[in-house]
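The values are calculated or read from the model by the stated rules, or taken from the named source; none is laboratory data. Since the structure is predicted, the reported quantities are computational estimates derived from the model, not experimental observations. With ideal geometry, Cβ positions are generated from the backbone for all residues, glycine too; neighbour counts draw on all protein chains shown.
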Amino acid sequence: MRYSALFLCLTLAFAHAIEPSDKAASHEAEKPRAATEKPKVEAPSKKASSHETPPSEPVAREEPASHSAPQGKYGIPPRASAHPPAAKKHKAAASGHGATAASHATPHAGGHWGYEGAKTGPNSWGSMSPSFSLCSEGKEQSPINITTSYAQEMDKIKFSYGMTRITVVNNGHTIQLNIDPGSFIEVFGAKYQLLQFHFHTPSEEAIGGIRYPMVAHLVHKSEEGKLAVVAALIQQGAQNNPLIEELWDKMPSEHNETRTFDKLTYSPAALLPLDQSFYTFMGSLTTPPCSEGVRWLVMKNPLSISARQIARFQKIFPMNARPIQSLNARNVMEGM
């Protein structure tokens, strides 16, 4: 009996001693559960969002940007341009290139024409392109054969040719010398700037049915866009012409080649005869597009160069002269 009472007391004492430990363990186990449940409360974030966007304005949901195409407003791809910047730039360059050619007023711009052949020769120029129609339909075409002229009182041509660099062009049809600004002529009350001069063999103009071995055409342009061409006829002489010798030494033998010599200068006045009497008439360019309304001034007295100098040009261009054209109703005038 005594032992039974003692055993009961010890059991009660042990149970009372371990009770705080169990409660502590149970309390600690509840803490992680509460921590994991806390993030589920989303009320604060919803309140902030409704405060930033007024209820009266629609809310646009942002979608992830695509890397395959640029995105515009509200994710709508911008309208593609019909003329990309690269194409515009290329077109401008081409236009720039066209403007430069026009500024030189070269009479050799045009299609694939030539001086020989049934399809590309002078008899076919008018049918090669609509822009060449005057070559066959024009009534004031050049060159002409001067057989009759009418004397008239007129002032001489006033030549004001300055120094220019040597810029030699083989354009596939002739040898052309481009001129720096500053040289000009004054004739019949108008002023024409010298742009370039080039050569033909034989001479395109004929005097009394005779064509000279060569001719130099000095092309001028007025502020109004009118052209005036001085034709300096060239005959064969015993001596070399100093200016021609200098130019021929710089002459490109390959077509579509340009050579510029910045430190070498000359005056085109060296191509003019001492006696500057002239014939004059209205005509055209002697190459496509054969534009009319050109004032022609043909020097009566020829320039002389040597047979060797003539042969040097003819080695590159054996023949580059247009056939004689009909005079029609035109008159040729000459100074008294």
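With respect to N171, is the statement that it is under 18 Å from F281 (Cα atoms) and surrounded by fewer than 18 Cβ atoms within 10 Å (Cβ to Cβ) true? Spelling it out, it is not the case that N171 is under 18 Å from F281 (Cα atoms) and surrounded by fewer than 18 Cβ atoms within 10 Å (Cβ to Cβ). Taking every residue in the range 318-335 that is at negative phi and part of a strand (DSSP E or B) and pairing it with any residue that is crowded, with 19+ Cβ neighbours inside 10 Å and modelled with pLDDT of 95 or more, at least 6 positions away or on another chain, the pairs with Cβ-Cβ distances below 8 Å are M333/Y279; M333/T280; M333/F281; E334/F278; E334/Y279; E334/T280; G335/F278.
Pick from I146, I166: which is of a type in the set (A, V, I, L, M), out of contact with any helix residue (DSSP H, G or I) (no Cβ under 8 Å at 6 or more places or on another chain) and under 30 Å from A270 (Cβ atoms)?
Values: I166 fails: out of contact with any helix residue (DSSP H, G or I) (no Cβ under 8 Å at 6 or more places or on another chain).
Criteria check complete, one pass: I146.
Take the conditions (1) modelled with pLDDT of 95 or more; (2) of a type in the set (D, E, K, R); (3) surrounded by fewer than 21 Cβ atoms within 10 Å (Cβ to Cβ); E205 misses just one of them, which is (3). Screening I305 with (1) surrounded by fewer than 21 Cβ atoms within 10 Å (Cβ to Cβ); (2) of a type in the set (A, V, I, L, M, F, W, C); (3) part of a strand (DSSP E or B) gives one miss only, at (1).
Scan the range 290-298 and give yes if some residue there is closer than 18 Å to G172 by Cα and at pLDDT 95 or above, otherwise no. Full working, then the answer.
Kept after step one, since they are closer than 18 Å to G172 by Cα, are these residues of the range 290-298: 290.
Still in the running and at pLDDT 95 or above: 290.
Yes, because at least one residue in the range 290-298 is closer than 18 Å to G172 by Cα and at pLDDT 95 or above.
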